[in-house]
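Okay, so here's the structure we're looking at.
What follows draws every value from the coordinates through simple rules; no lab data is involved. Keep in mind that this is a model prediction, so the values were computed, not measured. Glycine gets a Cβ as well: all are built from the backbone with ideal geometry, and neighbour counts include every protein chain shown.
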Amino acid sequence: MDTTRHKEIEIEALKVLDDYEIADPVVNVAKIAEGQNVKIKEIEMPEGYGNVAGFYDKNTKAIYVEKKDPPQRKLFSIAHELGHLILQHQNATVLFRITREDAAYPLQEKEANSFAAHLLMPEFMLRKYMQKYNLTKADYGTMAKIFGVPVSSMLHQLERLK
Ligand SMILES: [Zn+2]
């Protein structure tokens with residue numbers, strides 16, 4: 001994904017946060033889903049779908065996430081699926097648990113992950129909370145708790161912060 005596309009996705013995510021007047025963590029993805037007329041359902045993934053963390057079903061207008069996943073993972077899965085929806089991806093609706101960064105990993109998956117990261121951990125919010133609690137990038141564990149996201153996602157997002 002090039003820098004321009006990355007920037008476009010960031011702007012899309014910021015627009016959503018602005019539309020729903022969300023300025024603080026944990027980002028209320030349920031409110032966004034509701035505004036998009038999409039239901040969130042927690043289910044146990046069927047046999048053979050063990051590596052699926054979430055998917056969006058156009059017919060039922062619902063995002064399905066794995067019930068047994070930790071809340072941080074569910075939050076990311078929902079934000080990822082909202083990314084597909086808001087970025088108007090046509091085919092990629094299934095989020096696989098293993099997120100590979102290799103070239104074979106579909107572009108739309110990278111875009112949805114980028115959207116999720118910017119939606120759940122936008123730069124302005126990161127800076128606001130680092131300042132509020134006097135934290136640095138080294139406090140990614142604490143930041144992950146505040147934002148309700150997986151530690152690895154927070155680490156990655158803070159590393160990108162200039
Ligand atoms: Zn996906």
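Calculated mean residue ellipticity, 222 nm, the chain: -15500 deg cm²/dmol, from DSSP H runs (n ≥ 4) at -39500 (n - 2.57) each, averaged per residue and rounded to 500. Across the stretch 4-63, the mean sequence separation of Cα contacts (distance under 8 Å, 6 or more residues apart), normalised by length, yields a relative contact order of 25 percent. Listed by chain and number, the lysines whose alpha-carbon sits under 23 Å from that of K61, ignoring those within fewer than 8 places in the same chain, are K15, K31, K39, K41, K74, K110. Once you divide the Cα radius of gyration of the stretch 3-160 by 2.2 N^0.38 Å, the number left is 1.00.
Expressed as a rounded percentage, what relative contact order does the chain have, with Cα pairs under 8 Å and six or more residues apart? Reported relative contact order: 26 percent. Put a plus charge on the Cβ of each Lys and Arg, a minus charge on the Cβ of each Asp and Glu, and nothing anywhere else: the dipole of the chain about its Cα centre is then about 320 debye.
Bridgeable aspartates and glutamates around K67 (alpha carbons under 15 Å apart, same-chain partners fewer than 8 residues away excluded): E42, E44, E47.
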